[in-house]
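Inspection log for the structure reproduced underneath, given as structure tokens.
Read-outs: derived from the displayed coordinates by stated rules, not from any lab. Given the structure is predicted, the values throughout are model-derived calculations rather than measurements. Note that we place each Cβ from the backbone using ideal geometry, even for glycine, and neighbour counts take in every protein chain shown.
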Protein chains: 4
Amino acid sequence: MSGEKINVAIVGASGYSGEELVRLLLGHPHVNLSVLTSRQYAGQAVTSVFPRFSGHAGASDLTFSEPSIDLLADKAQAVFLALPHGVAAEFAVPLAQRGVTVIDLSADFRLNDANTYNEFYGTEHPAPEWLPKAVYGLPEIRPDAIANATLIASPGCYPTSILLPTIPLLEAGLIDPEQIIADSLSGVSGAGRKADVAFLYVECNESLRPYGVPKHRHLSEIEQELSLANGSPVTIQFTPHLVPVNRGILTTLYLAPASGQADDFAQWTDAIADCLAKRYADEPFVRLTSSGRLPDTKNVTGTNTIEIGWAADPRTRRLRVFSAEDNLVKGASGQAVQSFNIRFGFDETAGLPI
Amino acid sequence: MSGEKINVAIVGASGYSGEELVRLLLGHPHVNLSVLTSRQYAGQAVTSVFPRFSGHAGASDLTFSEPSIDLLADKAQAVFLALPHGVAAEFAVPLAQRGVTVIDLSADFRLNDANTYNEFYGTEHPAPEWLPKAVYGLPEIRPDAIANATLIASPGCYPTSILLPTIPLLEAGLIDPEQIIADSLSGVSGAGRKADVAFLYVECNESLRPYGVPKHRHLSEIEQELSLANGSPVTIQFTPHLVPVNRGILTTLYLAPASGQADDFAQWTDAIADCLAKRYADEPFVRLTSSGRLPDTKNVTGTNTIEIGWAADPRTRRLRVFSAEDNLVKGASGQAVQSFNIRFGFDETAGLPI
Amino acid sequence: MSGEKINVAIVGASGYSGEELVRLLLGHPHVNLSVLTSRQYAGQAVTSVFPRFSGHAGASDLTFSEPSIDLLADKAQAVFLALPHGVAAEFAVPLAQRGVTVIDLSADFRLNDANTYNEFYGTEHPAPEWLPKAVYGLPEIRPDAIANATLIASPGCYPTSILLPTIPLLEAGLIDPEQIIADSLSGVSGAGRKADVAFLYVECNESLRPYGVPKHRHLSEIEQELSLANGSPVTIQFTPHLVPVNRGILTTLYLAPASGQADDFAQWTDAIADCLAKRYADEPFVRLTSSGRLPDTKNVTGTNTIEIGWAADPRTRRLRVFSAEDNLVKGASGQAVQSFNIRFGFDETAGLPI
Amino acid sequence: MSGEKINVAIVGASGYSGEELVRLLLGHPHVNLSVLTSRQYAGQAVTSVFPRFSGHAGASDLTFSEPSIDLLADKAQAVFLALPHGVAAEFAVPLAQRGVTVIDLSADFRLNDANTYNEFYGTEHPAPEWLPKAVYGLPEIRPDAIANATLIASPGCYPTSILLPTIPLLEAGLIDPEQIIADSLSGVSGAGRKADVAFLYVECNESLRPYGVPKHRHLSEIEQELSLANGSPVTIQFTPHLVPVNRGILTTLYLAPASGQADDFAQWTDAIADCLAKRYADEPFVRLTSSGRLPDTKNVTGTNTIEIGWAADPRTRRLRVFSAEDNLVKGASGQAVQSFNIRFGFDETAGLPI
């Protein structure tokens, strides 16, 4: 399909994820950006809201529209939703019903179980009958399902940083599912472009703070996917922290050997290294850091790459695994475009900086 | 009066200037903080809103109140107003009428002319009859008037950084009043603690931008005071920029010799240096940087000190004068406390970090 | 001893810890700063190197000296060493031998065992006979020993943030000593004021990175002190991260119930809260955050306070304990002054911002 | 020449400008990166020094070499020099003599006059006979000379931000050449990747400071080019400031009407706007901000675009013109690639983000 162009819409194009989608899709060789919606900026030229895009050939004609199901279904074969949870479902369901491919960056269709949604998001799920039809869109883990999906629920930023290093190890039975700890640091763009005193420059600069413990919303999808990989329920400790960078998530995972793996520590760590190396050998967006180097977010910001590295600790017979990603790219918009590429049969890397 | 304690109130104590007043006045040897008001936090303990203050002996009993003229007049001999312009006058006038000393950090009583207020603030002045009674509270320039004032209009952050270096030079007839340019960089706390997308961490970090040209509101008081120093009207160019620091203003002034001063450049620059050295020899909060060193905001943040330095340019026969201050201390709350000290006869430096 | 002034020297006064000692001791009511040494700046006025201090009465006469044992022993009753490990011992031993009280901020006398020093610092200990005489100077844990010490080894920044929350819980037998994980974020001043590309602004800004795993040097003293509290050897996982702030350490501790404590989770968490509340009820520099609030470094920067908070996780039956400190104050220079206060019988808070 | 690939070398590829050249040239459709030299990293894989580039097809085979004229002349048709001044000439001259196209990012061949070089750089010019042959490579100003040059002296970061807005106005006789003031803010990457305490994170974060007055080295090339545009010598005031961002230069220009232009202010400002609009109508990398919006570095970082905007000030009858660029792209490496594109007949935008 390499010569083809797909008409694509972005709903909620003026938040940070939406803006990043605009950036990526304006440069995508197989995309014609046909509709951008924003309630706040409806009627305004995209380049007046985002001067950065003025130089892009495709941007000068674009104007933000009011969101409308009819308009979207009429003008787009694929629609990216960069909306708050709850709101996204109002678009996802009617669009999917009309056969439009929906790539939803919200949490609305990430969970298989409506009760879990209720528990973590504090509200009834708006369309539980669609939960079984949606695909949790981690491209490295579930490419075939993504290729055939109508409704792709693109994962959250923290879950991506935690699941990619952990799922292969759980599937291989190498780590103890009862002793997983995920400690994550996130840049402030993760909080979205919303007027909130807590995310003012002065409140975040020169500040380091944990939040969202013990039950950050992302924990629900993290545990769901880890449980699927494990074959039985997994409960973990997850601690997000807010730190003063614009972009980037750095996750530190504390892992212990599965029972039966604990006897020979060196053998276990070799098995871990082999497992990740094999699993991700052909994945263009997963970069395993070589021995002695640990991930650093500045190596990946602006790109769809996730760096994964590890350090064995013979003293405690435990392993630390680290991952670094750009929360707005691999953790959100880039990964969504990656799923789009898979869904429409394009090269997985089309339009995506590595 | 060294043993005395004055009962002091802060109205609008939960913004950045208000919080800084709390910090300074909690440590002030002659102040008993009797009332703190905040509409937003009324009823809450001060230490629950500002955990930083928990260790201060005086803070643990303080609770934010709803603002009330009766309460303030009853409980305080001096009231600091850290309120938006327009709102401040609603407190300043009735409190001053009851004989309470008012130190107003807003712009409401900085201008002598109600028409200028209208021009720059876009609204009728709420109490023009009080303009002649208020004192523009630059402690280094007008200490006697401050000592006897009931209503002190504490200067804005940019004006302080521009006026202190310039007024002595204008008064001495050393610089050309028609060729003054003030180029200023400000940290983001200058925008206040208000929920506004423009001041989110992500919008300010890695961003450098001018704003407020050509008629930033502070220009009105800058030109008023320069005109007074000059003896006739002065019009200047003033360009504020927003840069990613929490605190600090760095001002670069471009100055030319007054007519009659242009013939001997070396003599002129010596006269400039002498003028500033003499004027500020005994001022505890003005630090002239020695030859070869230029001001840097990191030398003054957290303190009430303003650094002033200069560099002569024989090639253009012009002078650059630089100043660095903490916009929340010398540019706002510290300077207000300095005026309070003068007004109540305390040592000018009481409670103020140098 | 409240009216007394002690003659105090700082060796290595031009690094970040040294500069912070100068700041604190210039404002200390019972200190006369008699000697400041710096090989790099010997002969220069202190205020020319650190313009910030120009306003301090005591600073204007101070000039950096070349370090000399004779000079120090002659002029100072107490000497703070802010030197690299290995170098500190060259001053600590002869000064202590002459009866001068030495407060050493380096690692040279923190460890009881010279072999551990060799293992973690990669060099023979220069004066192993002094190890048993030195006191590991955590003021909240070992005040009596500090009060009588000649050689006080002031703890490292990370250890302080980890030990203060953990030692009481270990001593009370509440937590499992085999399952302690400490995950820490540090500002860049922790790396010292040394010319190193890795700590340039551009290399640290917009970067999040782990380092020093699995055997950061501070691990040696952390485990030593935890083992003492536990009564038997403790081995932990400790992961430091470098994040872009000037100052601050935020530590997240993952803790599990001791055997015998695991049956009733609510009772266990209550016991934890009680234990910390009782232990630190009268400590001026330990602030337990109230329920629902978690520590944030911006609440403590510039002060000697450490905030400690916690969040129980009934799902995993584990506890997260958080601490926030200023790495240069409570984590280094402030804590050293706190030990000095105890040693010389002054109020523990003298000269220290809370 | 669209199908052709040019063999290109970068000398000094491990500094910030060099790294940025690697980034841009790895993605350039007409470039084969054949040699990268770095004395410091000779023998190491490029991707081990710069993990960011690991995903680029061309990067995995690249290893840093020791710099050698023979190697470079043998393997490259074009050589970019990202070296300190003085060192660059040692490569530029022999390579140009052998017919290799040299694009020099240093200052060595920017000045027409060896005496001016001596005055501003404090050393004899190493190859004054080459000064008349070199082309000052501002692509928007001198495209034809660049197209035919063997030795292109790519402009400095500050000069680019000042010259592009000013040259057209001087050439059109619209502004007074005797009253030009350029006030610039630069991110820290402008100082280069060199171990220097002044550029440590802690020294730059929360700091605003002027430096390099009155005779920053870049002033020499700025005045040279302004003088050429003016037809007679121009002397200006230029004040650089260091501010805490990684990338970006924001320049504020204070301009006055030329004699004969001062009578009708509105007409003058219209003429200014027309002049810039016409001059840059077809330039892909110059973006004039529309009325009411002012340049912001965050709109251009990572791209080769320079934003130019202005604000008239009827009160003072002066104009402020602002420009924003990425100092490493339009201010250094991107502009150098732009010149390369012109020299080799490629589309001017090839390989360059807009």
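The figures follow:
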{"quantity": "Debye, to nearest 20: dipole size of the protein assembly as shown, +1 on Lys, Arg Cβ, -1 on Asp, Glu Cβ", "calculated": "0 debye"}
{"quantity": "Rounded to 5, the percent of DSSP beta bridges in segment B:158-327 classed as antiparallel", "calculated": "70 percent"}
{"quantity": "GNM flexibility winner over chain D from D:S65, D:S154, D:S290 (Cα, springs under 10 Å)", "calculated": "D:S290"}
{"quantity": "Eligible lysines near D:K194 by straight Cα distance, threshold 28 Å, same-chain separation 8 or greater", "calculated": "A:K298, B:K298, C:K194, D:K215, D:K298, D:K330"}
{"quantity": "Residues with amide H under 5 Å from that of C:Y136, placed H, sequence gap 5 or more", "calculated": "C:A153"}
{"quantity": "Within segment C:257-290, backbone nitrogen closer than 16 Å to the virtual label 7 Å beyond the Cα of B:S48 toward Cβ", "calculated": "C:289-290"}
{"quantity": "Packing-based exposure ordering (other Cβ within 10 Å, fewest first) of B:V49, D:V245", "calculated": "B:V49, D:V245"}
{"quantity": "5 angstrom amide H check on B:L200, placed H, neighbours 5+ away", "calculated": "A:Y201"}
{"quantity": "Amide H within-cut-off set for A:R209, under 5 Å, with H built and near neighbours excluded", "calculated": "A:L242"}
{"quantity": "Relative contact order of segment D:228-354, pairs being alpha-carbon contacts under 8 Å that are 6 or more residues apart, as %", "calculated": "27 percent"}
{"quantity": "Average Cα contact separation per residue, chain D, under 8 Å, 6 or more apart, as relative contact order %", "calculated": "18 percent"}
{"quantity": "Whole-Hz ³J(HN,Hα) from phi, Karplus 6.51 cos²θ - 1.76 cosθ + 1.60, for segment D:185-200, glycine and proline x", "calculated": "10, 10, x, 6, 4, x, 7, x, 8, 10, 6, 8, 4, 4, 10, 4"}
{"quantity": "Three semi-axes of the equivalent ellipsoid, the protein assembly as shown, Cα gyration tensor, whole Å, largest first", "calculated": "45, 44, 34"}
{"quantity": "Other protein chain Cβ atoms within 10 Å, averaged over every residue that makes up D:53-60", "calculated": "3"}
{"quantity": "Candidates A:S48, A:S227, A:S189: whichever shows maximal mean-square fluctuation once chain A is modelled as a Gaussian network with Cα springs under 10 Å", "calculated": "A:S48"}
{"quantity": "Estimated [θ] at 222 nm from DSSP helical runs (n ≥ 4, -39500 (n - 2.57)) normalised by residues in chain B, nearest 500", "calculated": "-8500 deg cm²/dmol"}
{"quantity": "Convex hull per residue volume in Å³, alpha carbons only, for chain B", "calculated": "136 Å³"}
{"quantity": "Distance between modelled label sites at D:D74 and D:E178, nm, 7 Å Cα→Cβ extension", "calculated": "6.0 nm"}
{"quantity": "DSSP-defined beta bridges in segment C:29-172 - what % are antiparallel, rounded to 5", "calculated": "10 percent"}
{"quantity": "Spread of Cα-to-Cα distances over 5 Å intervals beginning at zero, given as percent, for segment B:284-326", "calculated": "6, 26, 27, 20, 11, 7, 3, 1"}
{"quantity": "Segment A:158-327 - charge dipole about Cα centre, Lys and Arg +1 at Cβ, Asp and Glu -1, debye rounded to 20", "calculated": "420 debye"}
{"quantity": "GNM flexibility winner over chain A from A:F109, A:F322, A:F199 (Cα, springs under 10 Å)", "calculated": "A:F199"}
{"quantity": "Segment B:183-262 - percent relative contact order, Cα under 8 Å, separation 6 or more", "calculated": "52 percent"}
{"quantity": "Alpha-carbon centroid distance for the pair segment B:153-183 / segment C:327-354, whole angstrom", "calculated": "43 Å"}
{"quantity": "P(r) tail fraction, segment A:11-148 - alpha-carbon pairs more than 23 Å apart, %", "calculated": "37 percent"}
{"quantity": "Beta bridges by DSSP in segment D:1-98, antiparallel share as percent, to the nearest 5", "calculated": "10 percent"}
{"quantity": "Peptide-level mean, for A:244-256, of C-beta atoms on other protein chains within 10 Å", "calculated": "5"}
{"quantity": "In Å, descending, principal axis extents of the Cα set of segment A:158-327", "calculated": "51, 31, 30"}
{"quantity": "Nearest-20 debye value, segment A:62-175 charge dipole, Cβ charges on Lys, Arg, Asp, Glu", "calculated": "220 debye"}
{"quantity": "Table column - 3J(HN,Hα) (Hz), segment D:312-326, Karplus curve with 6.51, -1.76, 1.60, x for Gly and Pro", "calculated": "7, 10, x, 4, 9, 6, 10, 10, 9, 10, 10, 9, 9, 9, 8"}
{"quantity": "Per-residue ³J(HN,Hα) for segment C:8-22, Karplus 6.51 cos²θ - 1.76 cosθ + 1.60, θ = phi - 60°, Hz, x for Gly and Pro", "calculated": "10, 10, 10, 9, x, 7, 10, x, 5, 5, x, 4, 5, 4, 4"}
